[in-house]
1. As a footprinting exposure proxy, order E70, E62, E6 by other Cβ within 10 Å, with the fewest listed first.
2. Which length gain, in nm to one decimal place, applies between H145 and K2 when the Cα-Cα distance is subtracted from 0.36 nm times their residue separation?
3. Extension gain D66-V101, at 0.36 nm per residue separation less the Cα-Cα distance, in nm?
4. Checking the table K8/K100; K8/K37; K94/K142 against a 20 Å threshold on Cα-Cα, which pairs fail?
5. Taking neighbour Cβ counts within 10 Å as the exposure measure, how do D108, D79, D66 sort from fewest upward?
6. In Å and from the alpha-carbon atoms only, list the Rg and Dmax of the range 11-57.
7. Which value at 222 nm does the chain reach when only helices count, each DSSP H run of 4 or more adding -39,500 (n - 2.57), with the total divided by all residues and rounded to the nearest 500 deg cm²/dmol?
8. With r defined as the distance between the Cβ atoms of M43 and R116 and R0 fixed at 30 Å, what FRET efficiency is calculated, to the nearest 0.05?
Amino acid sequence: MKTSAEGKALIKKFEGCELESYLCPAGVWTVGYGTTKNVIEGMKITQDMAEEMLDRDLLEFEEYVDKLVEVPLDQSQYDALVAWTYNLGPTNLKSSTMLKVLNDNNYDEVPAQMRRWNKSNGEVLNGLVRRREAESLLFQGKEWHEV
């Protein structure tokens, strides 16, 4: 399975696109649509480079979801999990209660588990509250664009 246009749209909406590197709330140098790998202070990219970096990054995060999720997923569920993992990383996915309940076939519990991950450095961030809500709605196959 691959991330659909809908999954990419969610990631793009919440990551935004910055063509010059910046420090994210977690203190990590970031550029484009949330790319962190090999990003340095003062780095500048083009819009086309941002799109290419996102596509490359998605391949990596799709692989994490493919490897760690043991139950069948529909496209919306897959997109939501890739978007969640894109933001939080594979270590958080692997250790999360969300993954455990999902792999126990408790699909209905996944949205609530997704929404728990709304903090950066111990502080609840409104942007993360909104993003987790959008991901949980997408997981359920519901409209998320107005979040």
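Bear in mind that the values in this text are calculations on the coordinates, not laboratory data. On a predicted model such as this, the values are computed, not experimentally measured, just so you know. Note: ideal-geometry Cβ built from the backbone for every residue, glycine included; neighbour counts use all protein chains shown.
1. Numbers: E70 10, E62 20, E6 15.
Ordered from fewest to most neighbouring Cβ atoms within 10 Å, E70, E62, E6 come out as E70, E6, E62.
2. Details: separation 143, 0.36 × 143 = 51.48 nm, distance 2.05 nm.
Stretched out fully, the H145 to K2 stretch lengthens by 49.4 nm.
3. 11.0 nm
4. Details: K8/K100 25 Å; K8/K37 18 Å; K94/K142 25 Å.
Beyond 20 Å: K8/K100; K94/K142.
5. On the way: D108 9, D79 28, D66 13.
Least to most surrounded, the residues fall as D108, D66, D79.
6. 9.4, 26
7. Working: 7 runs with 80 residues, N = 147.
Helix-only estimate at 222 nm: -16500 deg cm²/dmol.
8. On the way: r = 33 Å, r/R0 = 1.09.
Here the calculated transfer efficiency is 0.40.
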